[in-house]
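K.L.:
Would you mind keeping the following structure in view while I ask a few things?
Taken together, the values in this text are just the output of simple stated rules run on the coordinates, not laboratory data. Only a predicted model underlies this, so the values are computations on that prediction, with no experimental measurement involved. Please note: Cβ atoms are built from the backbone with ideal geometry, for glycine as well, and neighbour counts cover all protein chains shown.
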Amino acid sequence: MLTCDQYHMPTTLKEALELWQNAPEGSRLVAGATDILPWAREGRAGDVHLPAMIDLSRVEELNGYRIENCRVRLGANVVYQDFLTDENLREHLPCMPYCSIWFADDQIREQATLAGNVVNASPAADGTPPVIAMNGIIEIARLEQGEVALRSMPVSEFLIGPGKTELQPGEIVTAIAVDSMAGYGGSFQKVGQRRSLVISAVCAVALIKLDEASGAVADIRLALGGIGPVPVRLTDIEEKLKGQNLTPELVAEASIKPAERVASRTRREYRRDVVRGFVQAAIEDALVDCGAPMPGSQEREKVNG
């Protein structure tokens, strides 16, 4: 059971920061509360009592999104369901609908925020590899002399270990900004036998844009979660594949090396096997998502024809 002495629902960012700055030690920020509620139940944390909870779900400055200068700024209150139902987000962030389907069921998706998922800093967080692949920047607010001040940094630098971030006392995450990936094909792979309610052992994301004239890879983004303390971007594999026409052999070869990066404390061999298959599947699915044939399918058609 989760209980608290005080439950605050600020409506402005400044009010939220003032409450947070003066909150007793042990207080918590919540938005969707989809992490803290399962944690504070019998079998995990058991009964949890907090001095104060500050609910950010009504803070207007944290709502909505905007798209400008080839970037998408997602307010900290944007929930996973938005990536499924909002056509603009589906167009500009083509990997996120697949990530959202895997993330949870409809009720959880309506509450769970992408920013909260990133700030939680789980090595297996579903939302973090896509954000890293899209050059994510996290925006952070604090009070300076009673006024709201902002700073920002790459999400890849913000995450420093399991459950650990560069967020300082009194600070609140206000937004995550990522590259617009309009025109790319996207995919997301995750270990599990169901479409939702599965905690990742390994997850992989791929985003691919093809050159219209040659069909070669104009740009590719790849990232993995669940293989070490923090998610990783596969920049060396990206460079290897840029400018190439993807064949089954090239995709299979590119999928082998990421398995060497598995540094988890547990189930390493299992994760290495999964990574090899997931990187290949992510690339193939992203190709199909951008309207290209599966690597090798044309050759198979010729043989069968």
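K.L.:
Taking the convex hull of the Cα atoms, report for the range 142-186 its projected area averaged over all directions, in nm². All intermediate terms of the calculation are to be shown ahead of the outcome.
P.N.:
Working: hull surface 18.7 nm².
Its Cα hull, projected and averaged over all orientations, spans 4.7 nm².
K.L.:
Exposure proxy check: Ser100, Ser152, Ser57 ranked by fewest other beta carbons within 10 Å?
P.N.:
On the way: Ser100 27, Ser152 14, Ser57 17.
With the fewest neighbours first, Ser100, Ser152, Ser57 line up as Ser152, Ser57, Ser100.
K.L.:
Still on this structure, please answer the following. Quick one: check the C-alpha center-to-center distance for the range 126-142 versus the range 158-181, whole angstrom.
P.N.:
Each part's Cα centre sits 7 Å from the other's.
K.L.:
Give the lysines whose C-alpha is closer than 19 Å to that of Lys240, dropping any in the same chain fewer than 8 places away, or say none.
P.N.:
Of all the lysines, those that pass the test against Lys240 - Cα under 19 Å, at least 8 places apart if same chain - are Lys209, Lys257.
K.L.:
Counting alpha carbon pairs within less than 8 Å and at least 6 residues apart, what relative contact order, in whole percent, applies to the range 1-148? Mind showing how you got there, number by number?
P.N.:
Numbers: 210 pairs, mean separation 35.3, N = 148.
RCO, the range 1-148: 24 percent.
K.L.:
Sticking with this one: When a footprinting reagent is the concern and you count Cβ atoms within 10 Å, what order do Glu144, Glu139, Glu15 take, fewest first?
P.N.:
Numbers: Glu144 9, Glu139 19, Glu15 15.
Ranked by crowding around the Cβ, least crowded first: Glu144, Glu15, Glu139.
K.L.:
Local charge sum around Arg58 (other residues, Cβ-Cβ under 14 Å, Lys/Arg +1, Asp/Glu -1)? Don't skip to the end; give the middle numbers.
P.N.:
Details: positive: Lys14; negative: Glu15, Asp55, Glu60, Glu61.
Local charge sum for Arg58: -3.
K.L.:
Over the chain, calculate the relative contact order: mean separation of alpha carbon pairs under 8 Å at least 6 apart, over the residue count, as a percent.
P.N.:
Relative CO of the chain lands at 16 percent.
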